[in-house]
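Peer 1: Below you will find the structure I want to go over with you.
The values are calculated or read from the model by the stated rules, or taken from the named source; none is laboratory data. Quick caveat, the model's predicted, so the values are computed rather than measured. With ideal geometry, Cβ positions are generated from the backbone for all residues, glycine too; neighbour counts draw on all protein chains shown. Keep in mind that these areas ignore ligands, DNA and RNA; they rest on the heavy atoms of the full protein, side chains included. Shrake-Rupley method; radii C 1.70, N 1.55, O 1.52, S 1.80 Å.
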Amino acid sequence: MDDLAQSVLVQWRVNGVLHELDVLPGLSLLDVLREQLNLTGTHMGCMTGHCGACTVMIDGRIAKSCIAQAATLPRAEIRTIEGLMGPDGRLSPVQQAFWDEAGFQCGYCAPGMLFSAIELLAETPDPTDAEIDSALAGSLCRCTGYQSLRRAVRAAARALKDPNPD
Amino acid sequence: MSLYPSFARPRTLADAATLLASLASGGVVIAGGQELMPSINQGVLAPEVYVDIGGLAELRGITETPEGRVGIGALTVHRELQTDPRVRAQLPLLAHAATRAGGGRQVHNRGTIGGNLVAQHPLYDIAPPLLALEAEVEWVKGRETVRQPLAAMLADSRHGLGSEAILTRVLVVPMADGLGWAYEKLKASGGAYGSANAAALVKLKEGRVAAVRLVVGAVADRLIDASEAAAALLVGRRFDAEAGAALAGAVSALVAAPLSDAQGPGPWRQAMAGVVAQRALAAAVARAGRG
Ligand code: FES
Ligand code: FES
């Protein structure tokens, strides 16, 4: 018979760094990232899976960390928005494209938009506007009206195809 | 009993079933968490014990069963339904409907077919195609394994979240070659949900309807299987504008108690039930004709 535990030991590699943590049953991954690991770039918007501001990557697939229960991830490879920049502190190509195209205003939605763009472009290097819209559908932005986000994803697609334009 | 919830991650299906049966109350099954966590976070649900079934290998994978069904493990996520070659080839209606589910890629990556069905949510997009396809579901409860039509599960509210039983597999007969299919989701709000959804399957013979399955969702608190009404009207006929209008009227008439919520007011939902049914049938007929 399985033991009922009051806290669960998890082993996560977060942005390349190994952590062993005790997490309480019921807590979201978002809570643990922000409160136990101080990774506050992952934003809390709704806690109901609607807004996407809490998006991270779990084992290579994007997910809303507010509705992933931490204890259900005994071992996981997690990437947060803090892990997107290069080791030299430079913005990743997708971040740079959002910067260049003024993709964000307040930036609260950045985790959702950036991770959605990254996963889309890894699978679909040349997305149509409809594919961009559907890829961003899991994230809400209260500022931009979405036009600059679309432009930024198109720019990111170009940058990823041709990293050194002159 | 403790003030705080406790947690178990059984290694086998048998262990999980025994554990659930031993918990008098308060045991809640969790996998992807997409259905459960919003309610936990909002304090609507406060389980005493979480039983995490995410580690059960028995619930994974998409296979062909000995009797030729597509067997879809309960832990299969929406993303796999969209991309799996077997589902795409043999159950294109299901693969397509999974792309229309709400929540975006993030939720498609984690939300499971089992969680979707057990939620018994009238606005969700996976049950209508599966009901149209006359799917069956397999459960384990204690030492028992039960197999039943999805239709029977959907009629029985005890199979909702918090049930002692674990949904293990969904079984579906592959769609025959030349079968027309369509899933129509009418979205009137900015959110994830449709205001009326319809899944249709149609077989044509010399341009006339030979057989039809039609399920309408998101208009009432239960799905509406309109297959009999559709067959009575359409079998032996060409699906023209007149037949479409008759179908729309007949389907709307089946909606006895329409939902009235953020997706739209009841009388309009009732009318839209007919509209999506007509559109789904037209698209399925066009696809069958091309096939
Ligand atoms: S905080 Fe997770 S989706 Fe809004
Ligand atoms: S830039 Fe403010 S929410 Fe998107």
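Peer 1: Taking the condition closer than 20 Å to residue B:120 by Cα and not assigned by TED's automatic domain parsing to the domain that holds residue B:269, does residue B:214 pass?
Peer 2: On the way: closer than 20 Å to residue B:120 by Cα: yes; not assigned by TED's automatic domain parsing to the domain that holds residue B:269: no.
So residue B:214 does not fit the description; no.
Peer 1: Give me the helices (runs of 4 or more DSSP H) completely within the stretch B:1-96, filtered to those with at least 1 residues that are under 30 Å from residue A:51 (Cα atoms), ordered by residue number. Walk me through how you get there before you give the answer.
Peer 2: Numbers: elements: B:13-22, B:36-41, B:78-83, B:85-90.
The qualifying helices (runs of 4 or more DSSP H) are B:36-41, B:78-83, B:85-90.
Peer 1: Further, regarding this structure: Restricting attention to the stretch A:119-135, does a residue exist that is within 16 Å of ligand 1 (Cβ to nearest atom), open to solvent by less than 60 Å² (accessible area, probe 1.4 Å), at pLDDT 95 or above and within 14 Å of chain B (Cβ to nearest Cβ)?
Peer 2: So the first thing to find is which residues in the stretch A:119-135 are within 16 Å of ligand 1 (Cβ to nearest atom), and the list is A:119, A:135.
With open to solvent by less than 60 Å² (accessible area, probe 1.4 Å) added as a condition, the list becomes A:119, A:135.
Now drop any that are not at pLDDT 95 or above, which leaves A:119, A:135.
Those still in the list that are within 14 Å of chain B (Cβ to nearest Cβ) too: A:119, A:135.
Yes: the stretch A:119-135 contains one or more residues that are within 16 Å of ligand 1 (Cβ to nearest atom), open to solvent by less than 60 Å² (accessible area, probe 1.4 Å), at pLDDT 95 or above and within 14 Å of chain B (Cβ to nearest Cβ).
Peer 1: Continuing with the same structure: Residues being outside any loop (DSSP other than H, G, I, E, B), open to solvent by 10 Å² or more (accessible area, probe 1.4 Å) and within 16 Å of ligand 2 (Cβ to nearest atom): count how many of those fall in the stretch A:36-88.
Peer 2: Total satisfying the criteria: 1.
Peer 1: Residues to consider are B:235, B:212, B:216, B:170; find the one that is crowded, with 21+ Cβ neighbours inside 10 Å and more than 18 Å from the chain's Cα centre (by Cα). I'd like the intermediate steps shown before the answer.
Peer 2: Working: B:235 fails: crowded, with 21+ Cβ neighbours inside 10 Å; B:216 fails: more than 18 Å from the chain's Cα centre (by Cα); B:170 fails: more than 18 Å from the chain's Cα centre (by Cα).
So the residue among B:235, B:212, B:216, B:170 that is crowded, with 21+ Cβ neighbours inside 10 Å and more than 18 Å from the chain's Cα centre (by Cα) is B:212.
Peer 1: Looking at the stretch A:116-166, which of its residues are more than 16 Å from ligand 2 (Cβ to nearest atom), in a helix (DSSP H, G or I) and among the hydroxyl-bearing types (Ser, Thr, Tyr)?
Peer 2: Of everything in the stretch A:116-166, just one residue is more than 16 Å from ligand 2 (Cβ to nearest atom), in a helix (DSSP H, G or I) and among the hydroxyl-bearing types (Ser, Thr, Tyr), namely A:134.
Peer 1: Take the stretch A:9-32 and flag every residue that is within 14 Å of another protein chain (Cβ to nearest Cβ) and either of a type in the set (D, E, K, R) or over 24 Å from the mean Cα position of the chain (by Cα) (or both).
Peer 2: A:22, A:31
Peer 1: Search the stretch A:90-115 for residues being buried (at least 24 other Cβ atoms within 10 Å of the Cβ) and among the aromatic types (Phe, Trp, Tyr), and hand back the single one that is nearest to ligand 2 (Cβ to nearest atom).
Peer 2: A:98
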